[in-house]
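Notes to accompany the following structure.
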Amino acid sequence: MHNPNLAVENRTLSLEQRFVQRFGGSPRTYQAPGRVNLIGEHTDYNHGFVMPAAIGFSTRVSVAPRPDRKLVIRSENYSEQVEFDLDHLPAARAGHWSDYVIGVVKMLMRSGKKLGGADLLVDGNVPQGAGLSSSASIEVAVGYALLDLADRGPDRSLDPPQISEADIDRTQLALLCQQAENEFVGARCGIMDQFIASHGKHGRALLLDCRSLDYRLLPLPDDLALVICNTMVKHSIAQGAYNQRRAECEAGARGLSKYLPNVRALRDVTPADLEAYGHELPETVLRRCRHVIGENARVLLAAAALERGDLQAFGTLMRESHRSLRDEFEVSCSELDLMVELAEQAEGVYGTRMTGGGFGGCTIALVQRAYAMTFQRKVQEGYERLTGCKPEIYVCSAADGAGRSV
Ligand code: GLA
């Protein structure tokens with residue numbers, strides 16, 4: 001019979017305590033965050049620039065080695081447990097949450113890491129389907145945890161730690177996790193989400209060159225709140241529209257490279273190039289290119305604005321980004337546009353735009369912290385009144401990337 005006391009008691013136990021109850025042993029726990037992108041949307045897979053920040057929502061994984069070749073993975077979110085044999089991993093995705101874990105395991109093994117059996121307990125609070133990268137957060141948390149278990153000797157004990165935080169190649173980790181998503185989960189995402197989940201820093205946004213993977217951390221003022229407004233319209237990039245946008249961008253780069261042989265991706269196209277040769281492209285492809293080329297320029301201007309503390313200028317660039325995503329790239333939706341309009345009307349707002357892949361999910365607003373609560377109340381009320389749907393609004397700060405957790 002259901003015992004409510006047990007349920008309450010269980011919720012108050014830490015993830016490691018729950019691990020010990022279920023699997024025994026002495027686990028270690030790791031976490032990786034979700035993210036919000038401040039500016040630079042649909043530019044990563046065009047070798048361009050992005051500026052995300054990690055947020056306080058995260059996925060945590062407790063893990064301990066097993067003496068055999070089994071992977072036993074339990075999700076606290078789904079209350080489900082699955083088992084795999086490391087020597088007979090599925091060849092194709094199953095359309096199940098465990099795909100994210102198995103994808104990472106396969107890519108780690110392909111990269112030459114020697115993995116042994118393990119028990120994993122996974123728990124996360126990144127809102128799902130909200131465009132805040134819950135998938136990258138589970139991939140990177142699992143990847144980080146398994147790197148710590150990899151290449152151990154025969155006794156495979158967790159002490160002393162195999163690697164220190166400093167030894168983790170975070171860029172390699174991000175690339176492996178992106179491969180897992182591209183090749184196993186089946187979404188052709190760029191590198192942004194896995195990169196920020198691996199490299200995020202408290203109080204900082206990250207300016208990333210998605211071609212060279214060079215990055216710079218940019219300080220965000222303490223009195224600035226990153227306010228994320230969830231339209232509650234579920235977004236999924238595994239669906240066709242994202243991959244279609246990506247194909248249109250590739251078609252644009254291919255088309256332009258006939259006239260500009262140095263063009264490998266839209267990153268290499270200047271506004272003057274597009275002016276000169278854009279008329280050779282199909283109309284839709286031209287509009288997609290216009291967005292990407294304009295957005296790349298906006299990210300660099302936004303970084304300069306942030307570095308000189310000009311949040312008004314940053315806000316103006318966010319507005320232009322939203323318009324371009326809505327009209328040229330066509331990845332917004334009426335709920336996102338409404339959320340942006342409501343945010344624009346609130347006090348203390350520097351700028352706002354849709355964030356992430358689009359077609360639902362969230363907007364981001366940069367708000368003076370002193371106004372964050374009023375902003376939250378006003379936008380919540382307005383959105384609910386006009387749509388009949390209660391949005392979730394999260395007042396966030398930039399958080400750290402993947403690491404050990406307690
Ligand atoms: C999703 C993808 C990212 C990026 C954004 C759009 O979040 O996972 O790689 O392409 O969409 O900027």
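Given the criterion of a type in the set (S, T, Y) and either within 16 Å of the ligand (Cβ to nearest atom) or closer than 30 Å to T316 by Cβ (or both), identify the matching residue among T12, T43.
T43
Looking only at the range 292-305, which residues are surrounded by fewer than 24 Cβ atoms within 10 Å (Cβ to Cβ), touching a strand residue (DSSP E or B) at 6+ places or on another chain (Cβ under 8 Å) and more than 17 Å from D268 (Cα to Cα)?
A303
Can you tell me which of (1) at pLDDT below 95; (2) crowded, with 18+ Cβ neighbours inside 10 Å is the one G25 doesn't meet?
(2)
The conditions are (1) within 15 Å of the ligand (Cβ to nearest atom); (2) at pLDDT 95 or above, and A225 fails exactly one of them. Which is it?
(1)
I'm trying to understand the selection: among the residues of the range 236-272, which are within 14 Å of the ligand (Cβ to nearest atom) and in contact with a helix residue (DSSP H, G or I) (Cβ under 9 Å, 6 or more places away or on another chain)?
Scanning the range 236-272 gives S236, I237, A238, R245, R246, E248, C249, E250, A265, L266, R267.
Kindly provide the set of residues from the range 112-125 that are closer than 18 Å to A197 by Cβ and open to solvent by 10 Å² or more (accessible area, probe 1.4 Å), ordered by number.
Result: D123, G124, N125.
Within the range 57-80, does at least one residue satisfy the condition of being surrounded by fewer than 24 Cβ atoms within 10 Å (Cβ to Cβ), within 16 Å of the ligand (Cβ to nearest atom) and not in a loop (DSSP other than H, G, I, E, B)?
The answer is yes; a qualifying residue exists.
Residues are listed down the side, and each one gets a yes or a no for (1) surrounded by fewer than 22 Cβ atoms within 10 Å (Cβ to Cβ); (2) among the small types (G, A, S); (3) without any contact (Cβ under 8 Å) to a residue 60 or more places away in the chain:
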residue	(1), (2), (3)
T316	yes, no, yes
S334	yes, yes, yes
M339	no, no, no
E347	yes, no, yes
T355	no, no, no
C362	no, no, no
V367	no, no, no
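The values are calculated or read from the model by the stated rules, or taken from the named source; none is laboratory data. Quick caveat, the model's predicted, so the values are computed rather than measured. Cβ: placed from backbone, ideal geometry, glycine included. Neighbour counts: every protein chain shown. The protein model used for the area step is the full one, side chains on, heavy atoms only, and it has no ligands, DNA or RNA in it. Shrake-Rupley method; radii C 1.70, N 1.55, O 1.52, S 1.80 Å.
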